[in-house]
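Asks: First, the structure itself, so that you have it in front of you.
Values quoted throughout were computed directly from the atomic coordinates according to the rules given, and no laboratory measurement underlies them. Quantities reported herein were computed from a predicted structural model and do not represent experimental measurements. Here Cβ is always computed from backbone atoms with ideal geometry, including for glycine, and neighbour counts include all displayed protein chains.
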Amino acid sequence: MTAIGQPVKSRNVLHAMRATCVMCVMSVIGALGCATAVAATSTALPPAGAASSAGAAANDAALVARIAGQLAEKGGVRTHFRQTQTLAALSSPLVSTGALVFERDRGVIWRIDTPYRVTYVIGDTSVKKIDAAGHSSTSALARGSMAQVSRMMRALLSGDLSALYSQFDVAASGTPARWRLRLTPNQPQLAQFIKALRMEGDAYLQMLEVTGANGDTTRIEFSSSEPVDALSPAELALFGAR
């Protein structure tokens, strides 16, 4: 949080830090919708060295498929969030709250309400930022770790679980009614930026935590989630629909 009277430069740095984390996390929000046909997809799992590990991998894969199929029943989700960012460069966590809309075919609208107002709209190739005054700017989806995760999530949206296992080692526990996933990058390029992803949920994603390779963490807790039957005219306008 910024204090009254804090230099403008310091406030801008904090805003930039928040924006950077938002961009990274939004690329992972595809997990809200996961795949459309995961349960019926034939998945190539990593080879197991022993019968016990093969059984565990099969159990994990079966649970992941059931979770993804469950989430995929909803073409879109509206939810509220509380985001806590713990950064090595700051002595106190950054906390923000707001709402988001995920629509499988269009992308994500991420609206921050506190401590300041700003909206991000992320699509296939670009991110649009709209400030409290309504001024907007658009930038290309950054290359690197965010783009890799975004591509992986897009593959999941088409039902390709092999894309998940090609990028991450996946550990699953619980049941479809109360599940936990831990994703650890198995590709060096991705591991340079992301140490692990952790997700918890039930019929909806309830918590997402991204741990960076530098130890910074972003934890998002979702609440009041509901399926999107139809986008509002304002939401369609943000996505650029006519």
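Asks: Between residue 191 and residue 214, 0.36 nm times their residue separation minus their Cα-Cα distance comes to what?
Replies: On the way: separation 23, 0.36 × 23 = 8.28 nm, distance 1.05 nm.
Full-extension gain reported as 7.2 nm.
Asks: Take the Cβ-Cβ distance between residue 230 and residue 140 as r, set R0 to 30 Å, and report the resulting FRET efficiency rounded to the nearest 0.05. Show your work: numbers first, answer last.
Replies: Values: r = 29 Å, r/R0 = 0.98.
For R0 = 30 Å, the calculated efficiency reads 0.55.
Asks: Run the reach check for residue 74 against aspartates and glutamates, Cα to Cα strictly under 15 Å, same-chain hits fewer than 8 apart removed. What comes back?
Replies: 103, 105, 202, 226, 229
Asks: Let me ask something additional. What Rg and what Dmax come out for region 164-242 when only alpha-carbon atoms are used, in angstroms?
Replies: Both quantities, over Cα of region 164-242: 16.1, 43 Å.
Asks: Under 14 Å from the Cβ of residue 137, count the other residues' Cβ atoms, weight Lys and Arg +1, Asp and Glu -1, and hand me the total.
Replies: Details: positive: 128, 129; negative: 131.
Combined, the nearby Lys, Arg, Asp and Glu give +1.
Asks: Using the Karplus curve 6.51 cos²θ - 1.76 cosθ + 1.60 with θ = phi - 60°, work out ³J(HN,Hα) for each residue of region 59-68 in order, rounded to whole Hz, and write x for Gly and Pro.
Replies: Working through the residues one at a time gives 5, 4, 5, 5, 5, 4, 4, 5, 4, 5 Hz.
Asks: Residue 89 to residue 169: FRET efficiency via 1/(1 + (r/R0)^6), r the Cβ-Cβ distance, R0 35 Å, to the nearest 0.05? Write down the numbers at each step before the final one.
Replies: Details: r = 29 Å, r/R0 = 0.83.
Efficiency, from the Cβ-Cβ distance: 0.75.
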